[in-house]
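Report on one structure; see the data block that follows.
Bear in mind that the values in this text are calculations on the coordinates, not laboratory data. What you see is a predicted model, and the numbers here were worked out from it, not measured in a lab. Virtual Cβ from ideal backbone geometry, glycine too; neighbours counted across all protein chains shown.
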Amino acid sequence: MLPEGNKVIQWLSSTQLSLILFGLLAAAAIPGTLLKSQREYYNHPVFLLLLTAFALHLAICTARRWQTLSRTTLIVHAGVLITLAGAFLTGRGYVATINIYEGESSHSVYRWDLKKDTLFGQEIRVKKINTEFHPVPLQIGIMKGEAKFDLKTLKTGDAFPLDGYSIKAERFEPWKEAVTLTVVKGSKLIGSADTLGASTLPADFPFSFKLVAFQDAVIKRFWVDLELLENGHVVTSGITEINHPFNWNGLDFFNTQVSLDPEKRPFAGIQIVHDPGKYVVYSGMFILCVGTIAAWYRRFKR
C-alpha cells in the first residue's frame, strides 16, 4: 500500500486528476473518429502519452485505495487497465494491403505503418474470385441450329418452357457477360450450357443460347479462395471476405474489394491485419462489463 502522507501520490490518485485526464483523452479521441487514417492518429505519441498517463493514474489510484475499494470497483479498474494494455499491444501491430489478380500471387505487401512495400513471409495467391449478384433482367436469344428461334426476357433464377424442356437462368456473370442455364426435361436434369458456348448438353440437343442484353448488375456478395505458399508449396488455404477474414498465425486476411482493371482482368484487394492486442482488449472489455453489471446489481440490491 502506498503511503497516505505523500502529497504527490495523493494528487496522482485524486478525483480531480481523473476528470482532467479523462476529459483530455475524450477530447483527443473525437477527431480520430472522423479520419480515415485512424490507426496512425491513435498511435501518435501525444495520444499514447495521454493513454499512458491515464493508465498510470488508474494504477496508482487502485494501489492506494485497494483496501477500501469495493470488489466491483476493483474489477472495473482491472478491466480498464487490461483494455488499455491491449490497446498498447494493438499499437505494435500493423496493416498491410495488396491487390492481386485472380490466379496470380505476390511476395510483397504495402505496409501502411512503414509507408512502403515490404516482403511478406509467405507467397500470397488469389486462387479464385467468387461473386454473387442480385437478380438482374436479361434477354436470352435462342438459336436452333444457325437460325434465330426465340427471344426471352427474364431474371436470374427464372425459368421458361422450350419445346418440352424447362430452361432456367442459374447464374449471371456480368464480368464475363455470360449466363449459365440448366436444362430439365420432366424431373431429369439434361445438362447445362452458358451463352459463351460451353455446354454439357447432349450432342443432339437442338438449341443454343446467346446473351443479347442485360441491365447493370449489383453485387450481392464477393469472396476469395486464398492460399499461402512457401517455396511453391501450399502452407495453408481458406476463404476470406469483408466481415469474415481468413485467420492464420496471428494474422487476419480480409477481402476488401473485387474489381476489373481496364483490360477486364479481375483482381482482389487483400488487407492483412496483425493485431497482437486484440484478445487482450476483448478480455479487458469482458471483465469491465462483468464489473459494471455487478456494480449496478449491488447498487440495485441496496
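Numbers at a glance
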item: Overall dimensions of region 222-302 as given by Cα atoms, namely Rg and Dmax in Å; result: 20.5, 71
item: For the chain, convex hull volume per residue from C-alpha positions, Å³; result: 231
item: Degrees, to the nearest 10: 278-301 long Cα axis against longest axis of the chain; result: 60
item: Folded to 0 to 90 degrees: helix 45-65 orientation relative to the chain principal axis, Cα; result: 50
item: In region 99-191, trypsin sites (Lys or Arg not before Pro) in a DSSP loop with at most 10 other beta-carbon atoms within 10 Å; result: LYS115
item: Tilt relative to the chain, helix 71-91 - C-alpha long axis, 0 to 90 degrees, to 10; result: 60
